[in-house]
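These notes are about the structure you will find just below.
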Amino acid sequence: KIAFGCTTPENTTFVKKFLAGSAAGGLGSLAGNPFDVLKTRMMASEGAGQPSIMGTAKDLLKNQGIGGFYRGIDSNIARAMVLNGTKMACYDQAKGYVVEFTGLPK
């Protein structure tokens, strides 16, 4: 939130909270997508024995290059941005209302 200029509750709008959550979700997807691709490939593999994560990663890198780890990244980032932006903004807004109307500590 600080990167978006949200230093006090008075200047922190719902939109800024949503944007901060969206940015966090997008960055998280960039970091997590390779593992999601590996998990999906391992679950979809057929044949004798269980595939290893290292074997699956080596095969993916050999056949598709580094881009193979980022297949489907566009829809994954869009999903994470909407999900995290909504969760962060709604949670923070609701928390503010609860604190304001009940007098409970933050």
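Based on alpha-carbon centroids, what's the gap between region 81-106 and region 1-73 in Å, whole number please? When both Cα centres are located, 25 Å separates them. On a per residue basis, the chain carries 70 Å² of accessible surface, using protein heavy atoms and a 1.4 Å probe. Rolling a 1.4 Å probe over the protein heavy atoms of the chain, with every protein chain left in place, gives an accessible area that is 66 percent carbon and sulfur. For the chain, the tally of Lys pairs with Cα-Cα distances below 28 Å comes to 17, considering only residues 8 or more apart or on different chains. Converting phi to 3J(HN,Hα) with the Karplus coefficients 6.51, -1.76 and 1.60 and the offset θ = phi - 60°, region 18-23 yields 4, 5, 5, x, 5, 4 Hz in sequence order, with x at every glycine or proline.
Springs between Cα atoms under 10 Å define the GNM used for the chain, and in it the highest mean-square fluctuation of Gly55, Gly32, Gly85 occurs at Gly55. Mind telling me which of Ala23, Ala57, Ala80 comes out most flexible in a GNM of the chain, alpha-carbon contacts under 10 Å? Per the Cα network of the chain with a 10 Å cutoff, Ala57 tops the list. For Arg79 and Thr13, a Förster radius of 25 Å and the Cβ-Cβ distance give a FRET efficiency of 0.60, rounded to the nearest 0.05.
Mean projection of the Cα convex hull over all viewing directions, computed for the chain: 9.4 nm². Given R₀ = 22 Å, FRET efficiency for Phe101-Ala3 by Cβ-Cβ distance, to 0.05? E(calc), rounded to 0.05, equals 0.15. Computed from backbone phi, the HN-Hα couplings of region 65-73 come to x, 5, x, x, 6, 10, 5, x, 5 Hz, rounded to whole numbers (Karplus: 6.51 cos²θ - 1.76 cosθ + 1.60, θ = phi - 60°; Gly and Pro given as x). When +1 charges are put on Lys and Arg Cβ atoms and -1 charges on Asp and Glu Cβ atoms, the dipole computed for the chain relative to its Cα centre reaches about 100 debye.
The values are calculated or read from the model by the stated rules, or taken from the named source; none is laboratory data. As the structure is a computational prediction, the values presented were derived from the model and not from experiment. Reconstructed Cβ throughout: ideal geometry from the backbone, glycine too, with neighbour counts over all protein chains shown. Areas reflect the complete protein model, heavy atoms only, side chains present, ligands, DNA and RNA absent. Shrake-Rupley method; radii C 1.70, N 1.55, O 1.52, S 1.80 Å.
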